[in-house]
1. Relative to a virtual label point 7 Å from the Cα of residue 109 in the Cα→beta-carbon direction, which members of the stretch 118-137 show backbone nitrogen distances below 16 Å?
2. Given a Förster distance of 22 angstrom, what is the FRET efficiency for residue 89 paired with residue 67, based on the Cβ-Cβ distance and rounded to 0.05?
3. If you stretched the chain out fully between residue 126 and residue 18, how much longer would it get, using 0.36 nm times the residue separation minus the C-alpha to C-alpha distance?
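No value in this document is a laboratory result; all are computed from the given coordinates. From a predicted model like this one, the values you see are computed outputs, not experimental measurements. All Cβ positions, even for glycine, are placed from backbone atoms using ideal geometry, and neighbour counts span all protein chains on display.
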């Protein structure tokens with residue numbers, strides 16, 4: 001609390017000193033009289049040229065910034081991909097080990113799926129025999 005009060009009074013004294021010095025110059029008439037300022041309107045062509053130059057400059061800067069950001073992020077992803085991959089694999093293996101240790105009953109495969117897999121196996125065996133007989137392998 002006291003710190004802010006001290007800062008306030010120091011800045012107040014500084015402002016008073018600046019205004020006092022200006023008032024001394026005005027009292028002694030040391031201020032130079034410069035006269036009127038003439039403001040000329042700027043033509044639209046000059047405004048157009050300046051805005052185009054600034055737009056090109058800022059467009060180039062934005063392009064460079066976005067390219068640098070994309071290159072840095074892609075490098076970061078590529079460098080950390082291997083680390084993340086190994087961590088994920090180790091966590092998956094750990095979770096599989098935990099589930100194996102719990103000794104829960106395995107669900108039986110349905111009778112329909114067993115019949116389909118047996119049928120596929122037989123068809124594959126028959127195709128293999130036909131290819132051997134025809135000499136296509």
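1. Under 16 Å, as judged by backbone N against the label point of residue 109, lie 118-125 of the stretch 118-137.
2. Result of the calculation: an efficiency of 0.05.
3. Value of the extension gain: 28.4 nm.
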